[in-house]
Each structure stands twice: as structure tokens, then as C-alpha cells.
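Have a look at the structure below, then the notes.
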Amino acid sequence: MDKQKAPNPYEHSRGLIGRLNRFLYPIAGPASLGAGHPEEPYRAPADPSCPVCGTPLRLHDIQRGTASRPSQLNCPV
């Protein structure tokens with residue numbers, strides 16, 4: 001059986017980048033998305049630990065920033 005080629009989305013693109021995309025699309029194909037196997041939905045841990053000190057995040061003080069000031073994570077002593 002003959003495999004039908006997927007339509008090239010860059011067929012009517014103009015310019016150097018359009019020409020490059022028209023040439024490379026049949027070779028590279030569309031972008032690969034996902035891990036390539038079925039995945040479970042992400043479930044956040046019940047009590048995540050701090051990436052800095054390793055203690056539970058519930059013991060930390062988080063000062064939320066503004067547009068001009070970043071947020072701060074204050075670890076317990």
C-alpha cells in the first residue's frame with residue numbers, strides 16, 4: 001500500500017525561512033509531542049519538601065513579591 005504524504009504546512013511560505021521549512025519538513029516531519037508512551041496525570045505530593053533545606057514547605061514563610069520585587073522563600077531556622 002502507498003503511504004499518503006502529510007500535507008506540508010509550509011507549502012506557500014515565502015522567503016528564505018519558508019524555503020528552508022519546505023525543504024526540511026518532509027525530512028524531519030512535525031514536532032514530536034509527549035513522552036512517546038502513555039503517562040499518568042501529574043499528582044502533586046501531599047507534603048512537598050523545600051528544594052533548599054529539605055524540610056516540609058508547610059514550615060516555611062513565603063513572601064510573595066510584587067511587579068518590581070521577587071518572591072522570597074524563608075527557611076525555618
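The numbers here are math on the coordinates, done by the rules we state, and not lab data. Keep in mind that this is a model prediction, so the values were computed, not measured. Counting neighbours? That spans all protein chains shown, and the Cβs are built from the backbone with ideal geometry, glycine included.
Translational diffusion coefficient of the chain (Stokes-Einstein, Kirkwood radius from Cα pairs, 4 °C, 1.567 mPa s): 71 µm²/s. Using the average count of surrounding beta-carbon atoms within 10 Å as a protection proxy, the listed peptides 33-42, 18-27, 61-70 rank, highest first, as 18-27, 61-70, 33-42.
Working from Cα positions, state the angle (0 to 90°, nearest 10) between the long axis of helix 15-28 and the longest principal axis of the chain. The angle comes out at about 90 degrees. Over the chain, dividing the summed -39,500 (n - 2.57) contributions of all DSSP H runs of at least 4 residues by the number of residues returns a 222 nm mean residue ellipticity of -6000 deg cm²/dmol. Close amide H partners of CYS53, meaning residues 5 or more places away or on another chain with modelled amide H under 5 Å apart, do not exist here.
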